[in-house]
Every structure is written in structure tokens, then in C-alpha cells.
Amino acid sequence: MIFSGVTGITIPRPLGEIQATTTPTVEVQKTENSKENTNRAMNVEAYVRNYFEDTPIMAEVARCESHFRQYDRNGDVIRGRVNSSDVGVMQINETYHLDRSEKLGIDIYTTEGNLAYAKFLYEEQGVRPWLSSANCWTVGQVAIK
């Protein structure tokens, strides 16, 4: 893990450092190969699940928010369908969070930064920032901070 300049925020390890059965990759090559895109999504899923190992509800949030995708098939950061200001695997809203993330030295346009900022938000607010998708990721009882 890499520590940012802010106490308590941990930037995720680069994908190449993960101990996983697959070789995760984040940087997207522009491709039209759907099998390759599927493998890339699976690798990001493994990375997200590893990163949120201690808070698995956040991996479920990522599943619901982006289907574990940071980038689209053209290599562009994915944006929300309802709100195009929502970006990346955790659908971090630029309008509300870009300035703050930048001040913290976190780049929400990368997978690592998107997850780090989501973790920061979770530690501060619990799952509240993602309540609009709660019907997808809640299973039984979920404690909301």
C-alpha cells in the first residue's frame, strides 16, 4: 500500500502487486475484443474484492455501480448513465468530490484512486454516498454508519 499525504488514507497497491490467481491489469488498451474486455473486467473485480477484503459491502457497491468497470471498451473512464458526473468503478461524483479528492492527492480517474477515495468516503460516511443503489447491494441487514 502507498500512503498519501493525508493521515489514515491508504492508496491501493498497483494491480501488479496483488496476490491473485489471475494477473490483474488496469490500464486499458483500446480493443474491440469482447473476450479480452471480459477478462479485464474480471481482473478489476478481483482487484476490487481484494482491496475491500475487510469491507466486502464496498465490493458489492462496485458490482452494482459499475459492474467492476473503471474504463469502457475505448479506454475512457466510465460515467454514470443517470448522472454523467459519476465516474469509475465506484461512481464517484466529480461535482461533489473532485476538488476534495485532488486536495488529498487522489486521482479518481484511475482504478487505484477511485477505490482509495471510495474507502475514504466509506470511513467518513459509511455507505451513505451509494444509497441510491442500495436496493442492488443490500442483502439482509446492512449497518449504515
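A compact table of results
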item: Where Gly113 falls short, out of the listed (1) farther than 16 Å from Cys64 by Cα; (2) assigned to a loop (DSSP other than H, G, I, E, B); (3) in contact (Cβ under 8 Å) with a residue 12 or more places away in the chain; result: (2)
item: Test: Ser133 is at pLDDT below 95 and either over 18 Å from Asp54 (Cα atoms) or touching a Leu at 6+ places or on another chain (Cβ under 9 Å) (or both); result: yes
item: For Tyr122: the one exception among (1) within 19 Å of Cys136 (Cα to Cα); (2) surrounded by fewer than 13 Cβ atoms within 10 Å (Cβ to Cβ); (3) of a type in the set (Ser, Thr, Tyr); result: (2)
item: Check on Glu60, surrounded by fewer than 16 Cβ atoms within 10 Å (Cβ to Cβ) and either of a type outside the set (Lys, Arg) or at pLDDT below 95 (or both); result: no
item: Of all residues making up the range 70-101, the number that are outside any loop (DSSP other than H, G, I, E, B), surrounded by fewer than 13 Cβ atoms within 10 Å (Cβ to Cβ) and among the charged types (D, E, K, R); result: 1
item: Meets criteria (part of a helix (DSSP H, G or I) and either touching a Lys or Arg at 6+ places or on another chain (Cβ under 8 Å) or in contact (Cβ under 8 Å) with a residue 40 or more places away in the chain (or both)) for Ala134; result: no
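The values are calculated or read from the model by the stated rules, or taken from the named source; none is laboratory data. Everything numeric in this text was worked out from a predicted model, so none of it was measured. Here the Cβ is made from the backbone with ideal geometry for all residues, glycine too, and neighbour counts use every protein chain on show.
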